[in-house]
2 protein chains.
Amino acid sequence: MTIRLATQPYKGARDFYPADMRLRQYWSTQSQKVVEAFGYEPYDGPVLERSEIFEAKTSEEIVSEQTYRFTDRGGRDVVIRPEMTPTFARMVAAKSGELIYPLRWYAFPNLLRYERPQKGRLREHWQLNCDLVAPKIIPEYELEMFRLIIALMQTFGAKPTDYVIRYNHRGLSDALFKNAYRLNKGQRKEVFYLLDRADKTEPDVLKKMAKDISFSVFEKIHDHLKSSQNPGEIFQDVQSETSFEDFNTLSQIVSEQPCIKFDPSIVRGFEYYTGLVFEVVDTHPDNRRAILGGGRYDNLISNFSKQSLQGIGFGWGDVTFRDFLNIHGLVPDEITKPTKTVSLLASRDVLPFVLQVQNQLQEAGISCRLLLSESDKMFKSGLKNALKHLAKYMIIIGPDEAGSQKLVLKTIQTREDKILSVTDCIKVLQTG
Amino acid sequence: MTIRLATQPYKGARDFYPADMRLRQYWSTQSQKVVEAFGYEPYDGPVLERSEIFEAKTSEEIVSEQTYRFTDRGGRDVVIRPEMTPTFARMVAAKSGELIYPLRWYAFPNLLRYERPQKGRLREHWQLNCDLVAPKIIPEYELEMFRLIIALMQTFGAKPTDYVIRYNHRGLSDALFKNAYRLNKGQRKEVFYLLDRADKTEPDVLKKMAKDISFSVFEKIHDHLKSSQNPGEIFQDVQSETSFEDFNTLSQIVSEQPCIKFDPSIVRGFEYYTGLVFEVVDTHPDNRRAILGGGRYDNLISNFSKQSLQGIGFGWGDVTFRDFLNIHGLVPDEITKPTKTVSLLASRDVLPFVLQVQNQLQEAGISCRLLLSESDKMFKSGLKNALKHLAKYMIIIGPDEAGSQKLVLKTIQTREDKILSVTDCIKVLQTG
């Protein structure tokens, strides 16, 4: 008895069949165009990193519970990257003296987290990462993150009402919890933790997560934050020693933009965020979740380098991208269907002519897949095959056609056949 | 004292800085165009797989010594993919009933092997994989692999004399070892193992690898194979029960091609290869190594599926790609340099006009990076910055320009300034 192996992928990971892969390519190709128009340059790092680079700064939950961490054959403690920013910071630090600022880079890494697979969250996903680094990041460069996001959403056909960019300053929230609520450092950290989970966790589960502060205090804070519509209201309550001047400037610049909203309940999960944090929330009633998130990190690069460099960036996952496009009906038909490839059904006996035709078509920019048949009965299956591939046309070459250096161009829908020279066939295909 | 983390990447893995990443993008973008012209469709699989899918069929050396294998937090035995074909076979098997044949797919996975890092071999690399699957693969479809390779090499500027496609049939070699040399199964497996390493291993190291056969017998076989110039000579010695009719057909079709050569010493390392095997060898005296390899696998998919499907494919790594292009001087200058991006140096005080200019440039297809300055002394560093970015032009907008809705277009090389309207500036940039 033959024992067959299971065909499903590893739990929480995905197989990308061509239709899925074309959608991912659409995402990466179009995104690349948008970010390169702003001067962003491509980079990539290794899928494995030494564990230490994630230990201090990513998030306790991710590192201790969600990383794929193991010891390699040489005894090194390694992690499959759960996110890209620490790798980015390491790479910038390694050449910090010779790089040019503001530095603008983007990447499309695959990332792994050991999470319970759920909607919009899988163990493996791909992520567009855009980051800007400079000795001093001014509010106008923070604004660029929002402008990038808006340009990306526009490229994929999203209307300004389909999403909201929500932003906050972690220092402002921290000052509020400290000065207005008199919370100590541990309690403030817990409030950040709870806030980051509040929208995606059932209230009774969230309640159990509260340990250092009473859940009723957390609820009071949460209500306070949710009812604050502009930074001014929070400033009033904060009476902080910090002035938040830059954040004020940014808030004023974006105040007229309907799709950008201040929301002091946004804190994001990464512990390395030091200032501005933001996320894009889908406004569709059936997909009210963050699809993209980012923030400002001013101390991350100094883990690796003496040079003082500030950073800001965001990550957009391919799973939330796909869910967003699906729910708003924004997946273009032609993306998931290979309509432009022509099937060339031909007899094996006339191979040299067939290959010549394929070459000519390819040189004219026409994709062309070969279906070689040994007999006429192959023809029917060839036609069925072309239909499944959703080709508009099919080319047929048998001994007669090869003899006269012609071919039959069949329009699949009408079953109409035309006998043409290769040149004429190319003309039809290029205009049809 | 601050303890700083090391900035180098994990051993044997690479950081892709923008110039390296652009080269990798050039490789993948151009390759994609070539293979799509033959009707190949994109796919991808997970970077983690259950270990069992590699256990039987990949290669003993790779699985037992070179995989990144560990137990996940749920107790599953997993492997970071060392190669793509088993994933491909699993995916095809999972939908074998609904897929259309011949199936043609391509992918660009990142793969990891725990090897001693050396030239052309690193622990992590990216690989173009092209595969064709059908119920019965005819020699003309095997030929398509060679045509794909030639088209790929052509796209990157390689001359036909820069490389040779060497091919063989594993069954033919096996029959020769069995019938002419009277080797048993274990000995034949060892000869395959030694042959695969002969070109890249020092003779005395190779000698130590011989266990089931004497090294002098191996050397005799090796000399025999190296001196055989066409399949006919081997057939004579084999007197096999198998006819190798299809292989004969393929050999005849390719016999006129100067860059395709029969070489019975080519066996390739993967144990799942059942018939045709091939590799591309760089002919440059300083880089005489296989840069791409592939073969026919007729039993791999049946590990997962009842349906009988034959497969053929190859993998081309980004490291050997880069080495090949470098040694033949084929890296295009413009690939590694972001020449087309314009730097826009502007004063923060006139932000609305600056953003409007950037939008207009982007809409006209011109990439444009912002350099915002708070004072005039920023100008010098901005110009230096633009020079480092190798921009041909720089745009400067200060309060005067914003007031008159104009801008200064500086030609970096000549330092010549022109005061232009945005529309006129776009015209210059589009034609310059």
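The values are calculated or read from the model by the stated rules, or taken from the named source; none is laboratory data. Worth saying up front: this structure is predicted, and the values here are computed from it rather than measured. Because the Cβ atoms are built from the backbone with ideal geometry, glycine has one as well, and the counts that use them run over all protein chains shown. Just so you know, the surface numbers come from the protein's heavy atoms only, side chains and all, with ligands and any DNA or RNA stripped out. Shrake-Rupley method; radii C 1.70, N 1.55, O 1.52, S 1.80 Å.
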The correct pairing of chain B residue and whole-Å distance, for the Cβ nearest the axis that maps B onto A, is B:Phe70, 2
Distances in nm between the label point of B:Asn248 (7 Å along Cα→Cβ) and its equivalents in the other copies, shortest first, are 9.0
For A:Ser404, inter-copy label-point distances (7 Å, Cα→Cβ), nm, shortest first, read 7.1
So for R0 = 45 Å, FRET eff. of B:Gln257-B:Lys384 from the Cβ-Cβ r, to 0.05, ends up at 0.30
Mean-square fluctuation maximum in Gaussian network of chain B, Cα pairs under 10 Å, restricted to B:His284, B:His389, B:His125, hits B:His389
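Nearest 0.05, what FRET efficiency do B:Asp204 and A:Asn299 give at R0 = 56 Å with Cβ-Cβ as r?
My answer for the efficiency is 0.55.
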Note: probe point = Cα of A:Ala180 + 7 Å toward Cβ; backbone nitrogen < 18 Å; residues of region A:272-310 passing the test are A:276-277
Copies of A:Lys200 compared via label points 7 Å along Cα→Cβ give distances in nm, shortest first, of 4.2
Projected onto the charge dipole of region A:264-408 (unit charges on the beta-carbon of Lys, Arg, Asp and Glu, signs +1, +1, -1, -1), the Cα from A:Gly269, A:Ile396, A:Thr283 with the largest positive-side position is that of A:Ile396
Pairs over 22 Å Cα to Cα, from A:Lys11/A:Lys207; A:Lys384/A:Lys418; B:Lys185/B:Lys208; A:Lys427/B:Lys340; A:Lys33/B:Lys410, come to A:Lys11/A:Lys207; A:Lys427/B:Lys340; A:Lys33/B:Lys410
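Ordering A:Ile260, B:Ile150 from largest to smallest accessible area (1.4 angstrom probe), what's the sequence?
Details: A:Ile260 15, B:Ile150 35 Å².
Final ranking, largest accessible area leading: B:Ile150, A:Ile260.
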With the 8 Å Cα cutoff and a minimum separation of six or more residues, region B:258-353 has a relative contact order in percent of 19 percent
Region B:199-285 accessible area per residue, 1.4 Å probe, protein heavy atoms, integer Å², reads 54 Å²
Shielding of A:121-132 by other chains, given as the mean Cβ count within 10 Å, works out to 1
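Taking the Cα centre of chain A as origin, work out the dipole magnitude from +1 charges on Lys and Arg Cβ and -1 charges on Asp and Glu Cβ, in debye rounded to 20.
The calculation lands at about 1160 debye.
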Averaged over the residues of B:31-44, the number of partner chain Cβ atoms within 10 Å of each residue's own Cβ comes to 6
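For B:Ser51 and B:Asp223, compute 0.36 nm times the residue count separating them, minus their Cα-Cα distance, and round to one decimal in nm. Don't jump to the answer; show the numbers that get you there.
Working: separation 172, 0.36 × 172 = 61.92 nm, distance 3.80 nm.
The B:Ser51-B:Asp223 span can extend by a further 58.1 nm.
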For the pair B:Ile3 and B:Glu115, the simple spin-label estimate (label points 7 Å beyond Cα toward Cβ) gives in nm 3.5 nm
If every Lys and Arg gets +1 and every Asp and Glu gets -1 at its Cβ, then about the Cα centre region A:223-352 yields a dipole, in debye to the nearest 20, of 600 debye
Output ordering of A:173-180, A:289-296, B:424-431 (per-residue mean of other Cβ within 10 Å, highest first) is A:289-296, A:173-180, B:424-431
Expressed in nanometres to one decimal, the distance between label points 7 Å along Cα→Cβ at B:Asp212 and A:Asn230 is 8.2 nm
Expected integer from the mean partner chain Cβ neighbour count at 10 Å over B:17-27 is 4
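Would you please give the FRET efficiency between B:Glu98 and A:Gln356, computed as 1/(1 + (r/R0)^6) with r the Cβ-Cβ distance and R0 = 25 Å, to the nearest 0.05? Numbers along the way, then the final one.
Numbers: r = 33 Å, r/R0 = 1.34.
About 0.15, to the nearest 0.05.
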The Kirkwood hydrodynamic radius of chain A, taken as the inverse of the mean 1/r over all distinct Cα pairs, in Å, comes to 25.2 Å
